[in-house]
Amino acid sequence: MLSLRRLTPAQLTGLSILAVMVFLALLGLLAPPCLSSLSPASINVPPFQNPHHLFGTDGLGRDLLTMILKGAAGTLFVGLAAALSASIFGYCLGAFSALCGGLVDSLLMRLVDALLSVPAIVLLLTISSLISSPEFTRTMLSVDGLKQLAQALSLTDHSLGYLPILSVVAAIAATNWLESARVARAITQKLMTEEYMTAARSLGAGSLHLLRFHLGPALKAVAALETTLLTADAIIMESGLTYLGLGLGPATPSWGGMLKDAQSGLLCGNLHGAVLPGLFLALTVMGINLLATGGSRQQQRARSKEQD
């Protein structure tokens, strides 16, 4: 369990920032939809000049404070879901590869090396554009085996439903699991030389048993740290994809979408529409990195004590 007494000042600062952001995301989920509706009569209202719009409004007349709250929910959910998916898949595959060894290990690691040779941004844009293409949507609606999945995602001829969220999570996870797999493989190979692992194998324990009862607890702390770092990367990637028009789309508010909507007003002097979501985005990433950096230092000190 997390003990506040053992946290460093950097970790406490990061944890406090993340607690505030999660609270804002919960407020965004509870906010009524009417507060983020379009209002042509209130376009680009500066901050602190209208009591009904404390942070001002954007180029479409939407209240910026409400949009930031709703955007926090979308951005944090996608970042955490993508990081968890990438970390779980990467660590399971890396540990399984090290356990199998031989030809299986060589083939899996060569696949990882081949994917790592492709720039992450190119792979990310390719996967996201393929999933979000109209051809992919029509295929899901026409193929019998995919119709149930389309119904679960509320996908119709006139609405993408939850498909943009799923596509962004899948695209980010598909590009972020590679490093996790290599880290898990290296740690597993080191653990395989320990005496308790040798004893378990000599007693007939299989790969799945070793992975579940012996390697899982040992990899848990490193996987938690890796997931924390991946969450920051996933948040940045989601904002970038949404800014380029390949992300969550207008139906799901996010900080990246707010940055995209605000770019048309920058030349007119309406900087608050871009500064505010950018500030919240930077604070969230900083809080995650502070929390992860403190955890990394704690693990390094624990390893040095064990070696001494």
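Values computed for the structure shown
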{"item": "Yes/no for G256 being more than 19 Å from G28 (Cα to Cα) and either open to solvent by less than 40 Å² (accessible area, probe 1.4 Å) or at pLDDT below 80 (or both)", "result": "no"}
{"item": "Per-region count, the range 46-57, residues within 24 Å of A251 (Cα to Cα) and either open to solvent by less than 30 Å² (accessible area, probe 1.4 Å) or in contact (Cβ under 8 Å) with a residue 40 or more places away in the chain (or both)", "result": "3"}
{"item": "Scope the range 60-76; condition more than 17 Å from L246 (Cα to Cα) and not aliphatic (A, V, I, L, M); matching residues", "result": "G61, R62, D63, T66, K70"}
{"item": "Among residues of the range 58-72, those that are buried (at least 22 other Cβ atoms within 10 Å of the Cβ) and at pLDDT below 80, counted", "result": "1"}
{"item": "Residue, modelled with the highest pLDDT, within the range 266-280, restricted to residues that are surrounded by 18 or more Cβ atoms within 10 Å (Cβ to Cβ) and outside any loop (DSSP other than H, G, I, E, B)", "result": "F280"}
{"item": "Selection status of G247, farther than 17 Å from I17 by Cβ, open to solvent by 50 Å² or more (accessible area, probe 1.4 Å) and either in a loop (DSSP other than H, G, I, E, B) or at pLDDT 90 or above (or both)", "result": "no"}
{"item": "Residue satisfying condition, being surrounded by 15 or more Cβ atoms within 10 Å (Cβ to Cβ), within 27 Å of T231 (Cβ to Cβ) and without any contact (Cβ under 8 Å) to a residue 60 or more places away in the chain, within set I172, I131", "result": "I131"}
{"item": "Residue, modelled with the highest pLDDT, within the range 203-239, restricted to residues that are open to solvent by 30 Å² or more (accessible area, probe 1.4 Å) and of a type in the set (D, E, K, R)", "result": "D233"}
{"item": "Qualifying residue in the range 186-208 (condition: within 30 Å of V122 (Cβ to Cβ) and among the aliphatic types (A, V, I, L, M))", "result": "yes"}
{"item": "Residue that is farthest from the chain's Cα centre (by Cα), among those in the range 102-146 that are acidic (D, E) and farther than 27 Å from L163 by Cβ", "result": "D105"}
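The values are calculated or read from the model by the stated rules, or taken from the named source; none is laboratory data. Here the structure is a predicted model, which is why all the values come from computation and not from measurement. We place every Cβ from the backbone using ideal geometry, glycine too, and count neighbours over all the protein chains shown. Just so you know, the surface numbers come from the protein's heavy atoms only, side chains and all, with ligands and any DNA or RNA stripped out. Shrake-Rupley method; radii C 1.70, N 1.55, O 1.52, S 1.80 Å.
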